[in-house]
Amino acid sequence: MQKMLIAEDDQMLQDIYKMKFSNSGFEVFVAENGKVALEIAKKEKIDIVLTDSIMPEMDGVELIRNLRGGEYDPSMKIIMLSNLSQKEDRDNVMQLGATGFIAKTDFTPAQLVIEVNKIIAA
Amino acid sequence: MNKAENEQQLDNAKSDFISIASHQLRTPLTAIKGFVSLLLEGSYGEIEPKQAEILKKIYDSNQKLVSLVDDLLNISRMETGRMEFTFAPCRLENICQEVVDAFSVSAKEHGLHLEYNNPGMALPELMIDGDRIKEVIFNMVDNAIKYTPKGGVRLKIEQVADNIRVTASDSGIGVLDVEMPHLFEKFSRGKDTKRLNATGIGLGLYVGKFIVEAHGGRIWAESEGENKGSRFILELPIKSKK
């Protein structure tokens, strides 16, 4: 089973994603910010990270920068789920080494699972 | 700092506020969309048809809020010069087809015919921001359906001289002479709420005009008057001025 780490500060969205991705065959870990996410990534061999952009303590951009800093498995897939959908935000995140970028308001949870699967299969 | 700079700074502050507020608004809206979708999918157990119907209404209302927030975000981007365009070769007839497909169910629910007249041949490709132009055409058809109590809506695409023209015509309530000059202004909604029994805050056409003009094109409306229907026409140059 693939291990997925979800970094999302909104409790409700965290619940939704956890439920949907657990039901879709992933082993899901959740974190309320980038800092907590990094701690989990140190302990678990995470395959996929889904991260929000704006979070307290450590935001999504900082999390990606850390995850791509050399200490972690470079084959880890990292997808940003954001409400910032401007091209500049996307470009910035992709340059940092993200695998994908999804504007979360555009998708229902079921569609989100499909999108994520598409990105990790590519 | 002179007066103009001062005003510019105030304008930027206002737009930053709108932008942040919009992002904050989107988070709970995304959660509502998520939970309602999960309920509808039966993730929390089976639901009765009547309950599903109500949930669908909550979902639709939420989607309306999402697009209002999007409009506000667009306005803040426009007014601070931060709206970006990604120009790429696009076939406008495909975009029109996608828009018509997206509305087929809602037109039927309103008891309206929705027709698409495509030219039956390939039109020249355009260098446009396909997503943004799709938003504009989507809005044209959405308005046509909203303001047409009975009859139908037709979307037509054709080449007219050096332009590609898209026309959304309807058999709806029409546009009054007094309304016509203000249609594309910000927050312009007809004041006669009895006549215009529809939702929206009057940003769609304002944003649409900005997008179309950024492509070197134009958008305008024509109507013979009250209850005589209207036509919203969009023209984009084949040789883009990008």
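Could you go through region A:45-65 and let me know if any residue there is of a type in the set (S, T, N, Q), surrounded by fewer than 17 Cβ atoms within 10 Å (Cβ to Cβ) and away from chain B (no Cβ under 11 Å). Give the derivation first.
As a first pass, look at region A:45-65 and keep what is of a type in the set (S, T, N, Q): A:51, A:53.
Now drop any that are not surrounded by fewer than 17 Cβ atoms within 10 Å (Cβ to Cβ), which leaves none.
The answer is no; no qualifying residue exists.
Sort out which residues of region B:33-58 are within 10 Å of another protein chain (Cβ to nearest Cβ) and surrounded by 15 or more Cβ atoms within 10 Å (Cβ to Cβ), and write them in order of number. Can you show your working first?
From region B:33-58, those within 10 Å of another protein chain (Cβ to nearest Cβ) are B:33-38, B:40-41, B:43-44; that's our starting set.
Answer for region B:33-58, where residues must be within 10 Å of another protein chain (Cβ to nearest Cβ) and surrounded by 15 or more Cβ atoms within 10 Å (Cβ to Cβ): B:Lys33, B:Gly34, B:Phe35, B:Val36, B:Ser37, B:Leu38, B:Leu40, B:Ser43.
Within region A:1-42, how many residues turn out to be within 14 Å of chain B (Cβ to nearest Cβ) and of a type in the set (Phe, Trp, Tyr)?
Final tally of qualifying residues: 2.
Collect the residues in region B:24-63 that are touching a Lys or Arg at 6+ places or on another chain (Cβ under 8 Å) and more than 19 Å from A:Ile102 (Cβ to Cβ), keeping them in residue-number order.
Listed by number, the residues that qualify are B:Leu40, B:Ser43, B:Tyr59.
May I ask you to list pairs of residues, at least six apart or on different chains, whose Cβ atoms are under 6 Å apart, with the first in region B:107-122 being in the same structural domain as B:Leu92 (by TED's automatic domain parsing) and the second being among the charged types (D, E, K, R)?
These pairs meet every condition: B:Glu115/B:Arg154; B:Asn117/B:Lys156; B:Asn118/B:Glu93; B:Pro119/B:Glu158.
Filter region B:71-121 down to residues that are in contact with a strand residue (DSSP E or B) (Cβ under 7 Å, 6 or more places away or on another chain), part of a helix (DSSP H, G or I) and of a type outside the set (A, V, I, L, M, F, W, C), then give me how many there are.
3
Considering each of B:Ser67, B:Ser61 in turn, give the residue that is in a helix (DSSP H, G or I), under 16 Å from B:Ile211 (Cβ atoms) and either within 9 Å of chain A (Cβ to nearest Cβ) or without any contact (Cβ under 8 Å) to a residue 60 or more places away in the chain (or both).
B:Ser67
The values are calculated or read from the model by the stated rules, or taken from the named source; none is laboratory data. Bear in mind the structure is a predicted one, so any value in this text is a computation, not a measurement. Because the Cβ atoms are built from the backbone with ideal geometry, glycine has one as well, and the counts that use them run over all protein chains shown.
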